[in-house]
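Beneath this line is the structure, given in structure tokens, with notes to follow.
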Amino acid sequence: MNRIVKNTRLSENVFRMAIKAPEIAAKRKAGQFVVIMTEEKGERIPLTIVDSDREKGTVTIIFQVVGKTTMCLAAMKEGENLFAVLGPLGMPTEMENFGTTVVVGGGVGIGVAYPIIKALKEAGNKVIAITGARSKDILILEDEIQEICDRLIVSTDDGSYGVHGFVTNVLQDLIESGEIINRVFAIGPVPMMKFLCEVTRPYKIRTIVSLNPIMVDATGMCGACRVAVGGKTKFACVDGPEFDGHDVDFDLLTNRLRMYNDEEEEARKGCRCNE
Amino acid sequence: MSKKEKIPRQDMPEQDPKVRAKNFNEVPLGYTEEQAVLEAKRCIQCKKPLCIAGCPVDVDIPGFIKSIAEEDFIGAALKLKETNALPAICGRVCPQEDQCEKVCVLGKKGEPVAIGRLERFAADYERESGNIMIPDVAPPTGKKVAVVGAGPAGLTIAGDLVKLGHDVTVFEALHKAGGVLIYGIPEFRLPKSIVDAEVDYLEKLGVKIVVNAAIGRVKTVDELFEEGFDAVFLGVGAGAPVFMNIPGENLSGIYSANEYLTRSNLMKAYRFPEYDTPIVRGKNVVVIGGGNVAMDSVRTALRLGADNAYIIYRRTEVEMPARTEEVHHAKEEGVQFKLLTNPVEYTGNENGWVTGMKCLRMELGEPDESGRRRPVPIKDSEFIIDVDTVVVAVGAMANPLVASTTPGLEINRWDYIVANEETGETSRKGVYAGGDIVTGSATVILAMGAGRNSARAIDEYLK
Ligand SMILES: Cc1cc2nc3c(=O)[nH]c(=O)nc-3n(C[C@H](O)[C@H](O)[C@H](O)COP(=O)(O)OP(=O)(O)OC[C@H]3O[C@@H](n4cnc5c(N)ncnc54)[C@H](O)[C@@H]3O)c2cc1C
Ligand SMILES: Cc1cc2nc3c(=O)[nH]c(=O)nc-3n(C[C@H](O)[C@H](O)[C@H](O)COP(=O)(O)OP(=O)(O)OC[C@H]3O[C@@H](n4cnc5c(N)ncnc54)[C@H](O)[C@@H]3O)c2cc1C
Ligand code: SF4
Ligand code: FES
């Protein structure tokens, strides 16, 4: 049982939650995640550890409401307990001073990008952050990221804020402007990561993506999370979740993420959390 | 001939195959008191009982059977528990036909005593009577032991050490203790309430169980020592799935047995949407493999509503490692066996969902290193089976999470931990290991035996 210390709404569908988990807080590194269960009959879902506070013994997650479990999570209040929190899981982000790095976060992926930006900065990198969302009202963490990176470029698909366009256009422009980029990190919806990898491929800029396949145990026991990287099968929960994006089979990931669409719809309909 | 031998081996009543193939309730229903006493009276109380030699943990078999014959059922349970901490579980899942019952003298001329069924009866009687005795625990020794993994090996050693007065904490990666007994073996073969009762009992004895603690992630073995543990036992099982690495294996609808069974048993997906975790309820389900894991998977598929549930196995029924009883049950329930068949490739539709499985027919050639005749493909024998769900149950391997984060811990070339057979000692001082992580996939009783042996060794080490 882990106590919820705080639950705040960041935008219509995105929430930030601090959870008491001292041992995980002490141990976790950028790129790692937790698996949570809201209740005993619930599903195990993976969520990235966005930040931690060792003194308070808390970890922070940022999640988007997409289905039953995240609906229930959003409805939970300060002081309530999560049934299970397991972590820290996955390989930490490979971290060193690469030189100039660009971290691209799309949608709720901006939350996942945050700890990577922070760690890159601590490792001495120059960090350019590109964050994008459909429109201004669902853009998150602008101030927080501004504070920890060297330069932040914000874009919206509808032009309601920042650069009008997709993060792919922003990255393309940045590369063409002559900026020497040593490494790119791309975190967001699968199509976004796929297209970002196509932007960097001709320039041979190493591009790390964070994959979000469906998971069950998240300790390497079941193989639900298998992804194909460079023609080889990998388990994202123990071999990843970060991989070299130029080698990832994104279409396979897209298909596998759709495996339970009907059941997810049924579960959502049966959800009573928001009543 | 004495009158005794005339009593026939007592059958255990079972759910009707047609009915049970649609529900997840336990298949065998248990003996009545009368049946148990009759069966117990068949035992001729050998002076040199062969059955005990057939038991990996030397249960006093004629002893507990005698108590049943005398209608002292609680006494029988206590006798069992002297050497076997989990008789209700072993009575259900042990391969008695290869162990005690295989060598029982009555088996030479007729049918052996139904030792497993009697074991189950006595243990169930005690549990259902509600007066499970909590034995006296030795005074505290002040020594702390960490047990990693709450499967049969870990639970057994935890119980033994806590009774000796040690302070025992079990760390389990999943959110529930029990290991394969909880996530792997289905409800219809081993009701989870029985495993829960055993775990409760250990907690009553004073064992601390910490779930959601993946050792190697949240803390390492070395950090356990730094925290003040005096010894560590690794009972992490052989929990990593094996795939066949054939084309198309990542298509949607293809599961490892571990995932399929974990979803159904641990996450209770068979009760979706009451429980949130979904599982594919396939109509044409193929399970690849011939062991207990394959039988559990295919019988689960039937219960989830499959029209056709197939076992595909590359050898013949004789070579199948599954318990005879499980193969028999599967057949009764309508599982179709396609033997001497091996998959080579999958095909899928435009959504990436599996639709077909290309197979080769096999024939048996010369014996291989396991002594079983090696299956060899027959030329031009390819054919396709229509499928929408596949479960790969061709084995398991070691999960490297602990070994890879414990410097100096010797592993063999299959990543299993190298440990002394009698004591479980590893290459690291104070670190012991036992169960599937040492032997590779084996049995519940062998894992328990390993836990018991290491308990003795750790107790010595801590003196
Ligand atoms: C390593 C990792 C880190 C992640 N980090 C974050 C994060 O920081 N913030 C965030 O909002 N989301 C994150 N996700 C995705 C998040 O896990 C899913 O959105 C969540 O599981 C949805 O559950 P649900 O019941 O609300 O929705 P559902 O209705 O169950 O599913 C909606 C969609 O979410 C995906 N999904 C479903 N179940 C799982 C599962 N068990 N594991 C992974 N994906 C699933 C599927 O694509 C599905 O179509 C991460 C995923 C992974 C693998
Ligand atoms: C489907 C199936 C059916 C079977 N049927 C039978 C049968 O009928 N009869 C029989 O005798 N045997 C059967 N077996 C085999 C038997 O279950 C195993 O041999 C036995 O469970 C091994 O026990 P164990 O304690 O070594 O490991 P396990 O039961 O595998 O338990 C290991 C535990 O350690 C945990 N763990 C792993 N890594 C970590 C970590 N890093 N930190 C913390 N915890 C960790 C796991 O989550 C698990 O709970 C079956 C196995 C399966 C899979
Ligand atoms: S070998 Fe058979 S008959 Fe003899 S004691 Fe054992 S169970 Fe009884
Ligand atoms: S989620 Fe089970 S192996 Fe990765």
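Which net charge results for the neighbourhood of B:Thr156, defined as the other residues with beta-carbon distances under 11 angstrom from its beta-carbon, given Lys and Arg at +1 and Asp and Glu at -1?
Values: positive: B:Arg452; negative: B:Asp160, B:Glu198.
Summing Lys/Arg as +1 and Asp/Glu as -1 gives -1.
Calculate the tail of P(r) for the protein assembly as shown: the fraction of all Cα-Cα distances greater than 46 Å, expressed in %. Intermediate values should be presented prior to the final figure.
Values: 69391 of 271953 pairs.
Value for the protein assembly as shown (Cα pairs over 46 Å): 26 percent.
Which value in nm describes the separation of the simple spin-label points at B:Arg9 and B:Lys102, placed 7 Å from the Cα toward the beta carbon?
Between B:Arg9 and B:Lys102, the label points sit 1.5 nm apart.
Viscosity 1.567 mPa s, temperature 4 °C: what is the translational diffusion coefficient of region B:274-332 from Stokes-Einstein with a Kirkwood Rh over Cα pairs, rounded to a whole number of µm²/s? Don't jump to the answer; show the numbers that get you there.
Numbers: Rh = 12.0 Å.
In µm²/s, the coefficient is 108.
Which whole-Hz ³J(HN,Hα) couplings does region A:2-11 yield from phi under the Karplus relation 6.51 cos²θ - 1.76 cosθ + 1.60, θ = phi - 60°, glycine and proline marked x?
Each residue's phi maps through the Karplus curve to give 10, 7, 7, 8, 7, 9, 10, 8, 9, 8 Hz.
Can you sort B:Lys47, B:Lys283 so the residue with the fewest Cβ neighbours within 10 Å comes first?
On the way: B:Lys47 6, B:Lys283 15.
In increasing order of surrounding Cβ atoms, one gets B:Lys47, B:Lys283.
How big is the gap, in Å, between the Cα center of region B:101-175 and the Cα center of region B:199-238?
18
Treat every Asp and Glu Cβ in chain B as -1 and every Lys and Arg Cβ as +1, leave all other atoms uncharged, and give the resulting dipole magnitude about the Cα centre to the nearest 20 debye.
Working: 55 positive and 66 negative charges, 151 e Å.
Value, rounded to 20: 720 debye.
What value does region A:37-141 have for Rg/Rh, both radii from Cα atoms and Rh as Kirkwood defines it?
Working: Rg = 15.6 Å, Rh = 15.6 Å.
Rounded to two decimals, Rg/Rh equals 1.00.
Which far-off residues, 5 or more places away or on another chain, put their amide H under 5 Å from the one on B:Val147, with H placed in the peptide plane?
Amide H to amide H, under 5 Å and 5 or more residues apart or across chains, B:Val147 pairs with B:Thr169, B:Val170, B:Phe171, B:Phe233.
Please identify every one of the GluC sites (Glu not before Pro) in region B:337-408 that sits in a loop by DSSP and has no more than 10 other beta carbons within 10 Å of its own beta carbon. Kindly include the intermediate steps, with their values, before the conclusion.
Numbers: sites: B:Glu345, B:Glu350, B:Glu363, B:Glu369, B:Glu382; in loops: B:Glu350, B:Glu369, B:Glu382.
Passing both the DSSP loop test and the Cβ count: B:Glu350, B:Glu369.
Would you give the gap between the C-alpha center of region B:53-95 and the C-alpha center of region B:383-417, rounded to a whole Å?
For region B:53-95 versus region B:383-417, the Cα centre distance is 33 Å.
Over chain B, what is the relative contact order in percent, taking alpha-carbon pairs closer than 8 angstrom and at least six residues apart? Write out the running numbers ahead of the final one.
Details: 978 pairs, mean separation 70.5, N = 463.
Across chain B, relative contact order equals 15 percent.
State the percent of C-alpha pairs, over all pairs in region B:337-443, separated by a distance greater than 20 angstrom. Don't jump to the answer; show the numbers that get you there.
On the way: 3453 of 5671 pairs.
Cα-Cα pairs of region B:337-443 separated by over 20 Å account for 61 percent.
Hey, got the average number of other protein chain Cβ atoms within 10 angstrom for residues in B:274-284?
Working: counts 2, 5, 17, 11, 10, 2, 4, 1, 0, 0, 0.
The per-residue average across the peptide is 5.
So how strong a dipole does the protein assembly as shown carry about its Cα centre when Lys and Arg Cβ are +1 and Asp and Glu Cβ are -1, to the nearest 20 debye?
Numbers: 88 positive and 104 negative charges, 167 e Å.
Dipole of the protein assembly as shown, to the nearest 20 debye: 800 debye.
Kindly express, to the nearest 10 degrees and within the range 0 to 90, the angle between helix A:109-122's C-alpha long axis and the longest C-alpha principal axis of chain A.
Roughly 60 degrees between the two axes.
In Å and whole numbers, how far do the C-alpha atoms of region A:75-228 stretch along each principal axis, longest first?
49, 33, 30
With point charges of +1 on the Cβ of Lys and Arg and -1 on the Cβ of Asp and Glu, referenced to the Cα centre of chain B, which listed residue (B:Ile157, B:Pro367, B:Val210) lies farthest in the positive direction of the dipole?
B:Pro367
Tell me, in nm to one decimal, what length is gained between A:Glu122 and A:Glu266 on full extension, where the rule is 0.36 nm per residue of separation less the Cα-Cα distance? Spell out each step's value before the answer.
Numbers: separation 144, 0.36 × 144 = 51.84 nm, distance 4.44 nm.
Taking 0.36 nm per residue and subtracting the Cα distance, the gain is 47.4 nm.
When the Kirkwood radius is taken over all Cα pairs of chain A, what Stokes-Einstein diffusion coefficient follows at 20 °C and 1.002 mPa s, in µm²/s? Each step should come with its number before you reach the end.
Working: Rh = 19.0 Å.
Value of D from the Cα-based Kirkwood radius: 113 µm²/s.
Can you pull the Rg over Rh of region B:383-463, Cα-only, Kirkwood? If you can, show how the numbers build up before the last one.
On the way: Rg = 16.8 Å, Rh = 14.4 Å.
Rounded to two decimals, Rg over Rh is 1.17.
Can you give me the three principal axis dimensions of region B:241-396 from its C-alpha atoms, in Å, biggest first?
51, 39, 26
Using Cα pairs under 8 angstrom and six or more residues apart, how large is the relative contact order of region B:241-396, in percent?
This gives 30 percent for region B:241-396.
From other protein chains only, count the Cβ atoms within 10 Å of every residue's Cβ in B:214-222, then give the mean. Present the calculation step by step, with values, prior to reporting the outcome.
Working: counts 9, 0, 1, 13, 10, 3, 1, 0, 0.
The mean count of partner-chain Cβ atoms within 10 Å per residue comes to 4.
With θ set to phi - 60° and the Karplus curve 6.51 cos²θ - 1.76 cosθ + 1.60, what are the ³J(HN,Hα) couplings of region B:423-430 in order, to the nearest whole Hz, using x for Gly and Pro?
Couplings: 10, x, 4, 10, 6, 9, 4, x Hz.
When A:Met192, B:Met397 are ordered from fewest to most other Cβ atoms inside 10 Å of their Cβ, what list results? Don't skip to the answer; put the middle values down first.
Details: A:Met192 21, B:Met397 16.
Listed from fewest to most nearby Cβ atoms, that is B:Met397, A:Met192.
Give me B:Ser297, B:Ser381, A:Ser177 ranked fewest to most by other Cβ atoms within 10 Å of their Cβ, as a rough exposure proxy. Display every interim value, and only then the final one.
On the way: B:Ser297 28, B:Ser381 14, A:Ser177 7.
With the sparsest Cβ surroundings first, the list reads A:Ser177, B:Ser381, B:Ser297.
Just A:Thr69, A:Thr101, A:Thr233 to compare: in a GNM of chain A, with alpha carbon springs under 10 Å, which one fluctuates most?
Maximum among the listed residues: A:Thr233.
Across peptide A:44-55, how many C-beta atoms of other chains are within 10 Å of each residue C-beta, on average? If you can, show how the numbers build up before the last one.
Values: counts 7, 2, 0, 0, 0, 0, 0, 0, 0, 0, 0, 0.
The mean count of partner-chain Cβ atoms within 10 Å per residue comes to 1.
As a test of the formula, what do you get for the protein assembly as shown when each DSSP H run with n ≥ 4 contributes -39,500 (n - 2.57) and the sum is divided by the residue count, at 222 nm and rounded to the nearest 500 deg cm²/dmol?
Working: 27 runs with 233 residues, N = 738.
Value at 222 nm, helices only, nearest 500: -9000 deg cm²/dmol.
Which whole-number percent is the relative contact order of region A:35-79 (Cα, under 8 Å, 6+ apart)? Can you show the working numbers first?
Working: 40 pairs, mean separation 12.7, N = 45.
It comes to 28 percent, rounded to a whole number.
Where q = 0.17, 0.19, 0.22 Å⁻¹, what log10 of I(q)/I(0) comes from the Debye formula for region B:118-254, counting one point per Cα?
Rounded to two decimals, the profile gives -0.97, -1.13, -1.35.
Only Lys, Arg, Asp and Glu count, each charged at its Cβ (+1, +1, -1, -1), so figure out the dipole size of region B:3-129 about its Cα centre, rounded to 20 debye.
Working: 21 positive and 22 negative charges, 105 e Å.
Around 500 debye, computed over region B:3-129.
Could you give me the ³J(HN,Hα) list for region B:434-441, computed from phi with Karplus coefficients 6.51, -1.76, 1.60 and θ = phi - 60°, whole Hz, x at Gly and Pro?
Going residue by residue, I get x, x, 4, 6, 9, 8, x, 3 Hz, with x marking Gly and Pro.
What percent of all Cα-Cα pairs in region B:3-129 falls in each 5 Å bin, counting up from 0?
2, 11, 22, 25, 20, 11, 6, 2, 0, 0
Going through the DSSP H helices of chain B, which span 18 Å or more along their own axis at the Cα atoms while scoring at least -1.0 as a mean Kyte-Doolittle hydropathy? Could the numbers behind the result be given before it?
Values: long enough: B:115-129 (21 Å, -1.02); B:192-205 (20 Å, -0.11); B:444-462 (27 Å, 0.39).
Qualifying helices, which must be both long enough and hydrophobic enough, are B:192-205, B:444-462.
Report, as a whole number in µm² per second, the diffusion coefficient that Stokes-Einstein gives for chain B at 10 °C and 1.306 mPa s using the Kirkwood radius over alpha carbon pairs.
Details: Rh = 23.4 Å.
Rounded, D is 68 µm²/s.
Computed from the coordinates by the stated procedures, all read-outs in this text should not be read as laboratory data. Here the structure is a predicted model, which means the values were calculated and not measured. As a convention, Cβ positions derive from the backbone with ideal geometry for all residues, glycine included, and neighbour counts pool all protein chains shown.
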